[in-house]
Amino acid sequence: MLVDVILAPQLAGNKQFYGQIIVVLDILRATSTIVTALGNRALQVIPVVEPGEAFERQKKTGPDSCLIGGERRGYKVEGFDLGNSPGEYSEPRIAGKVIILCTSNGTKAINWAKEAHEVIIGSFLNIAVIVEYLKSNRNHDITVICSGREGDLSLEDLAGAGMIVASLSEHMLTDRAKISRYTYDKAVNMGITAFVEQTEHGQYLTKIGMEADIGFCTALNKFPLLPKFRDGIIKI
């Protein structure tokens, strides 16, 4: 079994994922928000690429049964119900609702991987469940996709990928996977929250007043869920 890591979709060229198990990470913040929403009893999450698509899906689904969430440049999109801070997705607000999510990086990465055998939504919030599931796999190669930021890699995603890779070290690892492991080792030495705070994206969220999201997104195993993306929908 081969374990690979994509540093950012825009850096991967024409990478194909047929037959693979994919884990998509956008630590700050899309996949953390998705896991939180499902952990707080949202019915499902529909990831879309552009805001216009989100509004169209809301019309089809019915505005009474769904909420639109997401961001551009970190801020809630005008006309959306929610932003991309996982703390907004509390159980009283979203339980029983369909969430249509549109973000700058994460929802694009999820849709990019849709042809894979399985697409798992990952974060620090549910990483132990993911690790156990992948360790039980024997028949498919595994690729962890770091959603990155604005077309480039993000260290927080790479550290999350490294935490997964560290548990699969008995398998064949690509050089990219090994780099993620080294990044995770550094994050552990610093403390994961402190490490994420000093990344470019962590510093940006602090600058725009959203530093509380960093602590939320670096909590380990708060939601022991295994969300999967299939046929355009993310469900447990």
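Numbers for the structure displayed
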item	result
Inter-residue pairs, beta-carbon under 8 Å, first in contact (Cβ under 8 Å) with a residue 24 or more places away in the chain and crowded, with 24+ Cβ neighbours inside 10 Å and in the stretch 38-49, second among the polar types (S, T, N, Q) and assigned to a strand (DSSP E or B), 6+ apart	LEU38/GLN44
Any pair with Cβ under 6 angstrom, 6 or more apart, that starts in the stretch 203-215 at a residue that is surrounded by fewer than 15 Cβ atoms within 10 Å (Cβ to Cβ) and ends at one that is part of a loop (DSSP other than H, G, I, E, B)	ILE208/GLY74
Members of the stretch 224-236 found to be surrounded by fewer than 21 Cβ atoms within 10 Å (Cβ to Cβ) and in contact (Cβ under 8 Å) with a residue 60 or more places away in the chain, listed by number	PRO224, LEU225, LEU226, LYS228, ARG230, GLY232, ILE233, LYS235, ILE236
Counted residues, the stretch 195-209 - those being closer than 21 Å to ASP152 by Cα and either touching a Pro at 6+ places or on another chain (Cβ under 9 Å) or of a type outside the set (Val, Ile, Thr) (or both)	10
Any helices (runs of 4 or more DSSP H) falling wholly within the stretch 1-120 and containing at least 2 residues that are modelled with pLDDT under 95	51-61
ALA12 surrounded by fewer than 24 Cβ atoms within 10 Å (Cβ to Cβ), touching a Gly at 6+ places or on another chain (Cβ under 6 Å) and aliphatic (A, V, I, L, M)	no
Members of the stretch 115-130 that are closer than 13 Å to SER167 by Cα and either surrounded by fewer than 18 Cβ atoms within 10 Å (Cβ to Cβ) or among the polar types (S, T, N, Q) (or both)	ALA128
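Residues checked against (1) farther than 23 Å from GLU211 by Cα; (2) aliphatic (A, V, I, L, M); (3) surrounded by fewer than 21 Cβ atoms within 10 Å (Cβ to Cβ):
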{"site": "GLU78", "(1), (2), (3)": "no, no, yes"}
{"site": "PRO86", "(1), (2), (3)": "no, no, no"}
{"site": "SER90", "(1), (2), (3)": "no, no, yes"}
{"site": "GLY96", "(1), (2), (3)": "yes, no, yes"}
{"site": "ILE99", "(1), (2), (3)": "yes, yes, no"}
{"site": "ILE110", "(1), (2), (3)": "yes, yes, no"}
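The values are calculated or read from the model by the stated rules, or taken from the named source; none is laboratory data. The shown structure was predicted, so the numbers you read here are calculated from the model rather than taken from an experiment. Every residue, glycine as well, gets a Cβ built from its backbone with ideal geometry; the counts of neighbours run over all protein chains shown.
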